[in-house]
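Single-structure report; data block below.
The values are calculated or read from the model by the stated rules, or taken from the named source; none is laboratory data. All figures in this text were calculated on a predicted structure; none of them were measured in a lab. Because the Cβ atoms are built from the backbone with ideal geometry, glycine has one as well, and the counts that use them run over all protein chains shown.
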Amino acid sequence: MTAVLQILFDALSLGSLYALGALGIALIFGVMRLVNFAHGDYISFSIFALLWPTTAATTILFLGQVPPAVLIPFVILIGAGVSVLSEILVFRRLRDANPATLMIASFALGFVIKNLLLMLYSSRPKSLSILPGLAQQVEIGGARIPLLQVVTVAATIVILIALTAFLKRTRFGLEMRAAAQDFTMARMLGVRANRVILLAFAISGMLAGAIGLAIVVQTGTADINMGLSVMLVAFIATVIGGLGSLYGAVVAGFLIGGASVLMQVILPLDARPFRDAFVYALVIVVLLWRPQGLFAPRTAKQRV
Amino acid sequence: MTLLAVEGLSVRYGQLTALRDASLMLDEGETLFVTGPNGAGKSTLMKAIAGVVRPAAGCIRLGGRDITGEAPETIARLGFSMVPEGRQVFGELTVDENLRLGAGMRGDRAGAARDLESVFESFPMLKERRDGAAGLLSGGQQQMLVIARALMTRPRLVAIDEPSLGLAPLVIDQVYELLLRLRAERRLTLLVVEQSSTRATMTGGRMMLLRSGRVVLEGDARELNASGAVERAYFGYSDAEEPA
């Protein structure tokens, strides 16, 4: 029983990261058919902004010196900031470009951010202890669960509820959902394209910041490539969930997280190092079975 | 007063010229039918006015203001409400949400709420289904919904692209009945695109005929039809080579 609880929390907390990442990608894909491969670099950026730019091995806190209560909203704001800035400086100028061009531009942007960090901080991972209180363990039903996992899962649930309420209950949310279905028609009803897209980038960036926090608290290191693996899995999750479906992205994120943890447990010891191969084999099976994704929106169509 | 003035409008898609030097004038309270065969440039004309495609040449004025090359949302906010071809409801949104989206750009919430009530009065069917997904409505109901949604923007001009496309004749009658009633009640200015001139003749009003991207005929719908000019223009016969 305790083992089951532990596995459950492992799966849920890993799935949470993937789900939030997938959501960030799906939000932007929904309104502008852009798969933003710079998303992972937003994650790294929002964490490195806490550090003083130095190539030395020591870690000097810079913006990270703020008290913990301010730290969380602060990192989230940095994520939103870099995301919004990239929309204004890069993607807005490519508004009428085709999806392939946009995607390449996002790769390029990702490289720019990554190399900027590389220049300022070097490629050496920095050890970094923020929110140390989360490192302790709590006892739930006899199992000892890291507090961080509990907080990650709880925060993800809160974020998902808040985002659902925003999308369902507010005027902006309605405009975003409409724009995701048929952008041109939404504009012909007076929905301001730039505002909706900016909002999508802001929310997506906030999610990236939140993911960055969770990773850095868990690993205790800031690494320039820290966002990369999450981004990759998150992208796969958006495809499995059905590109364009926010709901599908979240569910698929949790599914992949769950599958990874489950494989780690049930695979024979010798096969465990190859866990990811098994997970991605499952991904291939799912895509062969449903190439359009698990929850492909019925009305999704190519934008002209 | 002239509400919409299009002068010398040309639209190209790559090498293809979809619209050549088209002009039209529409007065406040007037109804204009734009007809013509497939590929004549009717929808392109609508899209260009709505700001969805960028014209290669020409000028579009709405209420005296030059809107050529403006963004669709700007043009919508100036009072041009477009009901595009193929109905375009937001299928995954509810009927209610579709309608509220139409009212979104208006500042007055109270007025929008009143309009929503009056829409539900005119369309009891929409009220019944207000919390259901719009994609589950029948074709005719969807057409009613997009017209109602267009009206929620309080437009100065409603442009409707092929309202009868894919609908049963009986349903088309209902749609036109509705349009005519709304026109009478609200003194709507209407720009209607149809492939056939039948509706224009039945409804009455001004009509222009496009062929291969050019305006080939313009005048009173009934007079044009009675004279046989529509048929000749539609099929591309010049007067000299009239069929036997």
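Quick one: which helices (runs of 4 or more DSSP H) sit completely within the stretch A:182-262 and have at least 3 residues that are under 30 Å from B:V53 (Cβ atoms)? Break it down into steps so the answer makes sense when it comes.
Details: elements: A:183-188, A:193-219, A:228-241.
Answer list for the stretch A:182-262: A:183-188, A:193-219.
Is it fair to say B:R109 is among the charged types (D, E, K, R), crowded, with 18+ Cβ neighbours inside 10 Å and within 12 Å of another protein chain (Cβ to nearest Cβ)?
Criteria not met by B:R109.
Can you confirm whether the stretch A:166-179 contains a residue that is more than 14 Å from chain B (Cβ to nearest Cβ), surrounded by fewer than 22 Cβ atoms within 10 Å (Cβ to Cβ) and modelled with pLDDT of 95 or more?
For the stretch A:166-179, residues more than 14 Å from chain B (Cβ to nearest Cβ), surrounded by fewer than 22 Cβ atoms within 10 Å (Cβ to Cβ) and modelled with pLDDT of 95 or more: present.
Restricted to the stretch A:117-146, and to residues that are assigned to a helix (DSSP H, G or I) and under 21 Å from the mean Cα position of the chain (by Cα), which residue is nearest to A:S46 (Cα to Cα)? Write out each step before concluding.
Let us first name the residues in the stretch A:117-146 that are assigned to a helix (DSSP H, G or I), namely A:117-121, A:132-135.
Subset that is under 21 Å from the mean Cα position of the chain (by Cα): A:117, A:134.
On the way: A:L117: 11, A:L134: 19 Å.
Top of the filtered list is A:L117.
I'd like the residue in the stretch B:78-100 that is under 17 Å from A:G190 (Cβ atoms) and of a type outside the set (A, V, I, L, M, F, W, C) and, out of all such residues, is farthest from the other protein chains (Cβ to nearest Cβ).
Looking at the filtered set, the residue picked out is B:G79.
With away from every other protein chain (no Cβ under 12 Å), crowded, with 18+ Cβ neighbours inside 10 Å, out of contact with any Cys (no Cβ under 7 Å at 6 or more places or on another chain) and closer than 26 Å to B:A5 by Cβ as the only criterion, which of B:L137, B:L157 stands out? Talk me through it step by step, then tell me what you get.
Values: B:L137 fails: closer than 26 Å to B:A5 by Cβ.
Being away from every other protein chain (no Cβ under 12 Å), crowded, with 18+ Cβ neighbours inside 10 Å, out of contact with any Cys (no Cβ under 7 Å at 6 or more places or on another chain) and closer than 26 Å to B:A5 by Cβ holds for just one of B:L137, B:L157, which is B:L157.
Checking A:L199 against (1) surrounded by fewer than 24 Cβ atoms within 10 Å (Cβ to Cβ); (2) within 25 Å of B:L145 (Cα to Cα); (3) free of Cβ contacts under 8 Å to residues at least 60 places away in the same chain, which single condition isn't satisfied?
(2)
Take the residues of the stretch A:202-223 that are surrounded by 20 or more Cβ atoms within 10 Å (Cβ to Cβ) and either of a type in the set (G, A, S) or out of contact with any helix residue (DSSP H, G or I) (no Cβ under 9 Å at 6 or more places or on another chain) (or both): which is farthest from the other protein chains (Cβ to nearest Cβ)?
The qualifying residue farthest from the other protein chains (Cβ to nearest Cβ) is A:A222.
Determine, yes or no, whether A:V150 is among the β-branched types (V, I, T), away from chain B (no Cβ under 14 Å) and touching a residue at least 40 places away in the same chain (Cβ under 8 Å). It would help to see each step written out before you state the result.
On the way: among the β-branched types (V, I, T): yes; away from chain B (no Cβ under 14 Å): yes; touching a residue at least 40 places away in the same chain (Cβ under 8 Å): yes.
For A:V150, the condition - among the β-branched types (V, I, T), away from chain B (no Cβ under 14 Å) and touching a residue at least 40 places away in the same chain (Cβ under 8 Å) - is met.
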